[in-house]
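The structure appears below as structure tokens.
Computed from the coordinates by the stated procedures, all read-outs in this text should not be read as laboratory data. All of these numbers come straight from a predicted model, not from anything done at the bench. Cβ placement follows ideal geometry from the backbone for every residue including glycine, while neighbour counts extend to all protein chains displayed.
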Amino acid sequence: MGTINPRPVYDNEGTEEAIRQRKIIEDLKTNPKRPKSFFLSTMGCQMNARDSEKLRGILLSIGAEETAEEKADLVIYNTCCIRENAEQKVYGRLGYLKSVKRKNPGMKIALCGCMMQEDAVIEKIRKSYPEVDLIFGTYNLYKFPELLETVLESDSQIIDIWDKQKEIVEDLPSVRKSSFKASVNIMYGCDNFCTYCIVPYVRGRERSRKPENILAEIKSLAQSGVREIQLLGQNVNSYGKGLENPISFAKLLEMVQQVDGIERIRFMTSHPKDLSDELIEAMGSLSKVCPHFHLPLQSGSDRLLKAMNRHYDQQKYLDIVRKLKETVPGISLTTDIIVGFPTETREDFLETLKVVREVRFDGAFTFIYSPRIGTPAARMEQVPEEDAKKNFSELLKVLEEIGEENNRQWLGKPVEVLAEEHSKNDPSMLTGRTAHNQLVHFVGGSRLIGQMVEVIITETTPFYLIGKQKNLLD
Ligand code: 5AD
Ligand code: SF4
């Protein structure tokens with residue numbers, strides 16, 4: 001796998017628990033039953049992507065090789081449960097795996113991630129999918145070496161799901177997907193209980209990592225050549241509240257700004273209700289923090305925002321946007337929007353469209369509401385699917401028009417792109433992102449990957465930009 005750096009690194013010095021798991025990793029290296037190959041599939045958000053880097057780090061450490069297909073000694077699905085279709089995908093893959101395992105009975109199947117924190121899912125797998133060997137959850141991911149060792153010795157299905165986090169284990173090996181761009185968890189869990197969302201039930205209460213651990217990780221990444229850092233949390237704006245020495249997210253950004261070698265700082269996700277003026281000021285004054293803000297709107301209707309338990313209204317959202325645009329001129333704004341939330345009327349939806357038109361988002365993740373068992377919204381009055389679908393297509397159309405107009409302003413302008421990889425459709429092109437988080441395609445060779453490249457925009461579309469390297473134009 002081309003982009004994977006196969007040398008696992010330990011992020012920090014160890015806690016007792018991590019030392020125990022590391023010892024098991026050492027034992028596994030010489031265990032004749034250890035998997036020699038593994039296939040790892042990651043669904044869902046960047047939290048899961050980061051967790052998978054940890055699983056990959058452990059497996060590469062014990063000498064297993066990653067394969068591109070499910071024909072491997074160990075197959076792991078790191079699952080997501082935010083919407084129903086994510087879950088259906090897992091059951092579909094399990095059906096297929098059954099036939100693969102019939103041909104290769106020694107193969108082990110493991111499931112982990114958010115979906116495994118749901119009781120109903122565990123029941124279903126226990127009853128209907130006996131071919132699954134190991135199930136673990138989001139809180140005990142760091143125990144993977146120990147669970148793997150147990151599975152190798154056992155013929156029965158092993159299920160280890162915790163209902164909450166016992167401790168934050170800092171320092172297991174992980175293999176980062178990219179050598180120049182890295183995600184760093186700053187907190188886990190969420191306390192907001194938006195009524196549609198299952199995350200607080202499967203990722204638990206909010207827990208912040210200590211700033212010194214975060215900084216040590218970022219410094220070591222910077223020393224290994226990482227130039228862009230993405231700070232991850234379900235709600236980064238409330239970072240630091242529960243710490244022994246509480247600090248704000250803005251202060252954390254200031255500390256990260258000081259790390260030599262880091263050129264760009266991004267973060268995900270912010271909740272409008274916790275967004276402080278201090279953070280907006282920090283966005284304006286910290287040179288490395290990218291001029292891009294992802295601010296989930298979910299809905300523009302005050303009535304629905306209340307039913308969603310979001311703790312802000314349309315006016316408050318628009319006020320934040322105004323302040324952000326004033327403090328960081330030209331800032332790029334992206335969002336998340338749900339269409340078809342229970343009881344949504346055409347008038348509610350038009351309020352959402354109104355905000356979309358007023359803010360002129362540069363991008364949006366859009367979702368049709370999907371009821372999640374156990375969340376309050378699943379028990380509210382649902383809306384007809386056709387209405388949701390109709391509104392959804394209308395929203396996409398408006399977003400596309402705005403995206404096209406916004407992007408057209410970049411025509412002829414120079415931008416700095418961190419070149420990330422060859423374009424999937426055309427290997428002679430490279431793809432990367434600007435500080436504003438726009439996707440840019442331009443002609444270039446492998447040696448530019450990982451470099452900041454000056455590009456002049458020559459063509460625009462609603463969703464990405466096309467350009468030419470500046471020095472090739474001179
Ligand atoms: N249905 C549809 N979209 C959802 N999201 C969260 N839960 C649901 C759900 N039940 C969306 C929200 C959130 C994003 C990560 O996923 O927009 O911000
Ligand atoms: Fe879910 Fe709301 Fe928490 Fe985001 S803030 S993870 S939408 S509960």
Inter-site label distance for residue 393 and residue 247 at 7 Å from Cα along Cβ, in nm: 5.1
Cβ-derived FRET efficiency at R0 51 Å, residue 468 paired with residue 347, nearest 0.05: 0.65
Relative contact order [Cα under 8 Å, 6+ residues apart], region 178-290, whole percent: 28
Spacing of the two label points (7 Å from each Cα toward its C-beta) at residue 84 and residue 220, in nm: 4.4
Estimated [θ] at 222 nm from DSSP helical runs (n ≥ 4, -39500 (n - 2.57)) normalised by residues in the chain, nearest 500: -11000 deg cm²/dmol
Volume of the Cα convex hull of the chain, divided per residue and given in Å³: 150
Pairwise label distance in nanometres, residue 409 with residue 103, each label 7 Å out on the Cα-Cβ vector: 5.4
Sequence-distant lysines (8 or more away, or on other chains) whose Cα lies within less than 26 Å of residue 354: 273, 306, 316, 323, 325, 389, 390, 397
Given 219/288; 71/108; 219/241, the pairs whose alpha carbons are separated by over 19 Å: 219/241
Translational D in µm²/s for region 3-160 (Stokes-Einstein at 20 °C, 1.002 mPa s, Kirkwood Rh from C-alpha pairs): 135
Rg to Rh quotient for region 178-290, alpha carbon positions, Kirkwood Rh: 0.97
Area projected by the alpha carbon convex hull of region 414-473, averaged over all directions, nm²: 3.7
